[in-house]
Amino acid sequence: MDELALREEIVATAIAMNARGLNRGKSGNVSARVGAGFLVTPTGLAYESMRPEDVVAMTQDGTARGSRRPSSEWRFHRDIYAGRSEVAAIVHAHSPFATTLACLGRDIPAFHYMIAVAGGSDIRCAPYATFGTQELSDHALRALEGRKACLLANHGMIAVAATLTDALALAVEVEALAEQYWRALQIGDPKLLPDTEMAIVLEKFRTYGQPR
Ligand SMILES: [Zn+2]
(Lines give C-alpha, C1' and ligand atoms only; values in the text may rest on other atoms or scores of the structure.)
Protein backbone atom coordinates (compact mmCIF):
# COMPACT_ATOMS: atom_id res chain seq x y z
CA MET A 1 0.00 0.00 0.00
CA ASP A 2 1.39 3.45 -0.87
CA GLU A 3 1.79 6.16 1.75
CA LEU A 4 -1.18 8.29 0.64
CA ALA A 5 -3.54 5.29 0.79
CA LEU A 6 -2.19 4.48 4.24
CA ARG A 7 -2.73 8.08 5.39
CA GLU A 8 -6.33 7.88 4.17
CA GLU A 9 -6.82 4.60 6.00
CA ILE A 10 -5.41 6.07 9.24
CA VAL A 11 -7.91 8.97 9.08
CA ALA A 12 -10.76 6.51 8.35
CA THR A 13 -9.68 4.31 11.27
CA ALA A 14 -9.52 7.29 13.65
CA ILE A 15 -13.03 8.39 12.62
CA ALA A 16 -14.28 4.79 12.92
CA MET A 17 -12.86 4.66 16.45
CA ASN A 18 -15.23 7.42 17.53
CA ALA A 19 -18.15 6.04 15.50
CA ARG A 20 -17.74 2.65 17.19
CA GLY A 21 -17.73 4.13 20.69
CA LEU A 22 -14.03 3.62 21.42
CA ASN A 23 -13.29 7.31 21.85
CA ARG A 24 -14.90 10.66 22.35
CA GLY A 25 -13.41 13.91 21.15
CA LYS A 26 -9.68 13.93 20.43
CA SER A 27 -8.46 11.20 22.77
CA GLY A 28 -6.72 8.11 21.44
CA ASN A 29 -4.53 7.79 18.38
CA VAL A 30 -3.79 5.55 15.41
CA SER A 31 -0.58 4.63 13.59
CA ALA A 32 0.71 2.38 10.83
CA ARG A 33 4.20 1.21 9.93
CA VAL A 34 5.57 2.57 6.67
CA GLY A 35 9.06 1.80 5.38
CA ALA A 36 11.58 2.17 8.21
CA GLY A 37 9.30 4.52 10.15
CA PHE A 38 5.61 5.01 10.81
CA LEU A 39 2.65 7.34 10.31
CA VAL A 40 0.74 8.58 13.35
CA THR A 41 -2.27 10.82 13.96
CA PRO A 42 -1.40 14.41 14.94
CA THR A 43 -1.98 15.90 18.38
CA GLY A 44 -4.94 18.16 19.14
CA LEU A 45 -6.89 17.78 15.92
CA ALA A 46 -10.50 16.50 15.81
CA TYR A 47 -10.68 13.37 13.68
CA GLU A 48 -13.59 14.67 11.60
CA SER A 49 -11.50 17.58 10.36
CA MET A 50 -8.30 15.55 9.89
CA ARG A 51 -7.02 15.24 6.33
CA PRO A 52 -4.55 12.63 5.05
CA GLU A 53 -1.79 15.28 4.89
CA ASP A 54 -2.28 16.04 8.61
CA VAL A 55 -1.05 12.55 9.51
CA VAL A 56 2.55 12.83 10.75
CA ALA A 57 5.41 10.77 9.33
CA MET A 58 8.02 9.79 11.92
CA THR A 59 11.33 7.99 11.84
CA GLN A 60 12.44 5.50 14.49
CA ASP A 61 14.68 8.15 16.11
CA GLY A 62 11.57 10.25 16.86
CA THR A 63 11.97 12.84 14.12
CA ALA A 64 8.64 14.10 12.72
CA ARG A 65 8.07 15.35 9.18
CA GLY A 66 5.22 17.61 8.07
CA SER A 67 3.28 20.60 9.37
CA ARG A 68 1.62 18.90 12.37
CA ARG A 69 3.03 17.70 15.67
CA PRO A 70 2.62 13.96 16.30
CA SER A 71 0.38 12.48 18.98
CA SER A 72 1.96 12.92 22.41
CA GLU A 73 1.95 9.10 22.62
CA TRP A 74 4.28 8.60 19.64
CA ARG A 75 6.89 6.93 21.87
CA PHE A 76 4.95 3.75 22.51
CA HIS A 77 4.00 3.56 18.84
CA ARG A 78 7.69 3.81 17.89
CA ASP A 79 8.80 1.31 20.53
CA ILE A 80 6.13 -1.25 19.59
CA TYR A 81 7.21 -1.12 15.93
CA ALA A 82 10.85 -1.47 17.01
CA GLY A 83 10.16 -4.42 19.30
CA ARG A 84 7.45 -6.28 17.42
CA SER A 85 8.31 -6.98 13.78
CA GLU A 86 4.89 -8.57 13.11
CA VAL A 87 3.01 -5.39 14.10
CA ALA A 88 2.19 -2.86 11.37
CA ALA A 89 -0.79 -1.03 12.91
CA ILE A 90 -1.67 0.30 16.37
CA VAL A 91 -4.91 1.64 17.82
CA HIS A 92 -4.86 3.42 21.19
CA ALA A 93 -8.18 4.35 22.80
CA HIS A 94 -9.64 5.64 26.05
CA SER A 95 -12.67 3.41 25.56
CA PRO A 96 -15.12 3.50 28.48
CA PHE A 97 -15.09 -0.06 29.82
CA ALA A 98 -11.43 -0.90 29.19
CA THR A 99 -10.52 2.42 30.82
CA THR A 100 -12.82 1.70 33.79
CA LEU A 101 -10.95 -1.55 34.49
CA ALA A 102 -7.63 0.21 33.83
CA CYS A 103 -8.53 2.82 36.46
CA LEU A 104 -8.90 -0.05 38.93
CA GLY A 105 -5.52 -1.40 37.80
CA ARG A 106 -7.14 -4.73 36.90
CA ASP A 107 -5.97 -7.27 34.36
CA ILE A 108 -8.81 -8.95 32.43
CA PRO A 109 -8.52 -12.65 33.27
CA ALA A 110 -9.85 -15.65 31.30
CA PHE A 111 -13.49 -15.03 32.27
CA HIS A 112 -14.50 -15.71 28.61
CA TYR A 113 -12.72 -17.81 26.01
CA MET A 114 -12.60 -14.84 23.59
CA ILE A 115 -9.89 -13.32 25.79
CA ALA A 116 -7.61 -15.44 23.54
CA VAL A 117 -8.23 -12.92 20.75
CA ALA A 118 -5.54 -10.81 22.43
CA GLY A 119 -3.04 -13.66 22.15
CA GLY A 120 -2.99 -15.20 25.63
CA SER A 121 -4.99 -16.22 28.68
CA ASP A 122 -5.37 -12.68 29.98
CA ILE A 123 -5.15 -9.02 28.98
CA ARG A 124 -2.63 -7.34 31.25
CA CYS A 125 -2.90 -3.88 32.73
CA ALA A 126 0.38 -1.95 32.49
CA PRO A 127 1.31 0.09 35.59
CA TYR A 128 0.59 3.81 35.51
CA ALA A 129 3.07 6.30 34.10
CA THR A 130 2.53 9.85 32.81
CA PHE A 131 1.21 10.00 29.23
CA GLY A 132 3.83 10.51 26.56
CA THR A 133 6.74 9.30 28.70
CA GLN A 134 9.34 6.66 27.96
CA GLU A 135 8.32 5.03 31.26
CA LEU A 136 4.77 4.53 29.95
CA SER A 137 6.12 3.07 26.73
CA ASP A 138 8.35 0.64 28.67
CA HIS A 139 5.39 -0.47 30.82
CA ALA A 140 3.21 -0.92 27.72
CA LEU A 141 5.77 -3.07 25.92
CA ARG A 142 6.09 -5.35 28.95
CA ALA A 143 2.30 -5.70 29.24
CA LEU A 144 2.14 -6.54 25.51
CA GLU A 145 4.69 -9.35 25.72
CA GLY A 146 3.10 -12.35 24.00
CA ARG A 147 -0.10 -10.30 23.57
CA LYS A 148 -1.79 -8.10 20.98
CA ALA A 149 -3.57 -5.85 23.47
CA CYS A 150 -3.12 -4.39 26.93
CA LEU A 151 -4.70 -1.91 29.30
CA LEU A 152 -2.82 1.15 30.58
CA ALA A 153 -3.55 1.95 34.23
CA ASN A 154 -5.60 5.13 34.77
CA HIS A 155 -5.46 5.76 31.04
CA GLY A 156 -6.87 3.38 28.37
CA MET A 157 -5.91 0.52 26.09
CA ILE A 158 -3.66 -0.44 23.16
CA ALA A 159 -4.45 -2.94 20.37
CA VAL A 160 -1.83 -4.00 17.79
CA ALA A 161 -2.11 -6.01 14.56
CA ALA A 162 -0.67 -6.48 11.09
CA THR A 163 -3.32 -4.20 9.54
CA LEU A 164 -5.39 -1.19 10.63
CA THR A 165 -8.58 -3.18 10.01
CA ASP A 166 -7.43 -5.90 12.39
CA ALA A 167 -6.13 -3.45 15.01
CA LEU A 168 -9.48 -1.63 15.06
CA ALA A 169 -11.43 -4.91 15.20
CA LEU A 170 -9.25 -6.08 18.10
CA ALA A 171 -9.78 -2.80 19.98
CA VAL A 172 -13.56 -3.22 19.55
CA GLU A 173 -13.28 -6.82 20.80
CA VAL A 174 -11.21 -5.82 23.84
CA GLU A 175 -13.73 -3.11 24.71
CA ALA A 176 -16.59 -5.66 24.42
CA LEU A 177 -14.72 -8.08 26.70
CA ALA A 178 -14.03 -5.28 29.19
CA GLU A 179 -17.73 -4.43 29.24
CA GLN A 180 -18.73 -8.09 29.73
CA TYR A 181 -16.20 -8.53 32.53
CA TRP A 182 -17.33 -5.31 34.19
CA ARG A 183 -20.97 -6.44 33.98
CA ALA A 184 -20.15 -9.86 35.45
CA LEU A 185 -18.28 -8.18 38.32
CA GLN A 186 -21.45 -6.25 39.24
CA ILE A 187 -23.25 -9.41 40.37
CA GLY A 188 -20.54 -11.75 41.52
CA ASP A 189 -17.16 -13.39 41.00
CA PRO A 190 -16.85 -14.41 37.34
CA LYS A 191 -15.83 -18.06 36.94
CA LEU A 192 -12.46 -18.19 35.22
CA LEU A 193 -11.46 -20.74 32.61
CA PRO A 194 -8.50 -22.92 33.64
CA ASP A 195 -5.14 -22.61 31.85
CA THR A 196 -5.65 -26.04 30.29
CA GLU A 197 -8.84 -24.86 28.56
CA MET A 198 -7.28 -21.58 27.47
CA ALA A 199 -4.37 -23.55 25.96
CA ILE A 200 -6.92 -25.48 23.84
CA VAL A 201 -8.68 -22.27 22.78
CA LEU A 202 -5.39 -20.54 21.93
CA GLU A 203 -4.37 -23.52 19.80
CA LYS A 204 -7.72 -23.42 17.96
CA PHE A 205 -7.27 -19.69 17.33
CA ARG A 206 -3.82 -20.36 15.92
CA THR A 207 -5.10 -23.17 13.69
CA TYR A 208 -8.39 -21.79 12.46
CA GLY A 209 -7.91 -18.05 12.77
CA GLN A 210 -9.94 -15.79 14.96
CA PRO A 211 -13.66 -16.40 15.00
CA ARG A 212 -15.59 -13.25 14.21
ZN1 LIG B 1 -3.99 8.07 25.66
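Subtract the Cα-Cα distance of residue 15 and residue 192 from 0.36 nm times their separation in residues, and report this length gain in nm to one decimal.
60.2 nm
Output wanted: per-residue J couplings in Hz (rounded whole) for the stretch 90-101, from phi through Karplus 6.51 cos²θ - 1.76 cosθ + 1.60, θ = phi - 60°, x for Gly and Pro.
With the stated coefficients, the stretch 90-101 comes to 9, 10, 10, 9, 9, 5, x, 7, 4, 5, 4, 5 Hz.
Using only the alpha-carbon atoms of the stretch 65-112 as identical scatterers, what base-10 log of I(q)/I(0) does the Debye formula give at q = 0.16, 0.19, 0.22, 0.32 Å⁻¹?
-0.70, -0.88, -0.99, -1.07
Placing +1 at every Lys and Arg Cβ and -1 at every Asp and Glu Cβ, with all other atoms neutral, what dipole size does the stretch 1-75 have around its Cα centre, in debye to the nearest 20?
Around 280 debye, computed over the stretch 1-75.
Out of 50, 97, 120, whose Cα points farthest toward the positive end of the dipole of the chain (charges: +1 Lys, Arg; -1 Asp, Glu; placed on Cβ)?
The one lying farthest along the dipole's positive direction is 50.
From the phi of every residue in the stretch 60-71, what ³J(HN,Hα) in whole Hz does the Karplus formula 6.51 cos²θ - 1.76 cosθ + 1.60 yield, where θ is phi - 60° and glycine or proline is x?
5, 8, x, 7, 9, 10, x, 8, 9, 8, x, 3
For the stretch 117-212, what number results from the quotient of the Cα radius of gyration and 2.2 N^0.38 Å?
1.14
Work through the residues other than residue 33 whose Cβ is under 14 Å from its Cβ and net out their charges, Lys, Arg +1 and Asp, Glu -1.
Combined, the nearby Lys, Arg, Asp and Glu give -3.
How long are the semi-axes of the equivalent ellipsoid of the stretch 1-128, taking √(5λ) for every eigenvalue λ of the Cα gyration tensor, in whole Å from largest down?
26, 17, 14
May I ask for the distance between the Cα centers of the stretch 1-25 and the stretch 134-172, given as a whole number of Å?
Comparing the Cα centres of the stretch 1-25 and the stretch 134-172, I get a distance of 17 Å.
For the chain, with only Lys/Arg (+1) and Asp/Glu (-1) charged at the beta-carbon, what is the dipole magnitude about the Cα centre, in debye rounded to 20?
Magnitude of the dipole: close to 220 debye.
Considering amide H positions built from the backbone, and no H for Pro or chain starts, which residues 5 or more places from residue 43, or on another chain, come under 5 Å of its amide H?
Amide H neighbours of residue 43, under 5 Å, 5+ apart: 69, 71.
Looking at the stretch 63-212 only, what percent of DSSP beta bridges run antiparallel? Nearest 5 please.
Percentage antiparallel, nearest 5: 85.
Projecting each Cα onto the charge dipole of the stretch 53-212 (Lys/Arg +1, Asp/Glu -1 at the beta carbon, about the Cα centre), which of 188, 207, 60 comes out farthest on the positive side?
Farthest along the dipole direction, towards plus: 60.
How much of the calculated P(r) for the stretch 71-144 lies past 15 Å, in percent of all Cα pairs?
In whole percent, the long-distance tail amounts to 61.
In Å², what does the accessible area per residue of the stretch 1-84 work out to with a 1.4 Å probe?
Heavy-atom accessible area per residue stands at 46 Å².
Report, in deg cm²/dmol and to the nearest 500, the calculated mean residue ellipticity at 222 nm for the chain, where each DSSP H run with n ≥ 4 adds -39500 (n - 2.57) and the sum is divided by the residue count.
-12500 deg cm²/dmol
Under a cut-off of 17 Å between alpha-carbon atoms, report the aspartates and glutamates in cross-link reach of residue 191, not counting same-chain residues fewer than 8 places apart.
In chain and number order, the partners are 107, 122, 179.
The values are calculated or read from the model by the stated rules, or taken from the named source; none is laboratory data. All figures in this text were calculated on a predicted structure; none of them were measured in a lab. Ideal geometry is used to build each Cβ from the backbone, glycine not excepted, and the neighbour counts take in all protein chains shown. Areas reflect the complete protein model, heavy atoms only, side chains present, ligands, DNA and RNA absent. Shrake-Rupley method; radii C 1.70, N 1.55, O 1.52, S 1.80 Å.
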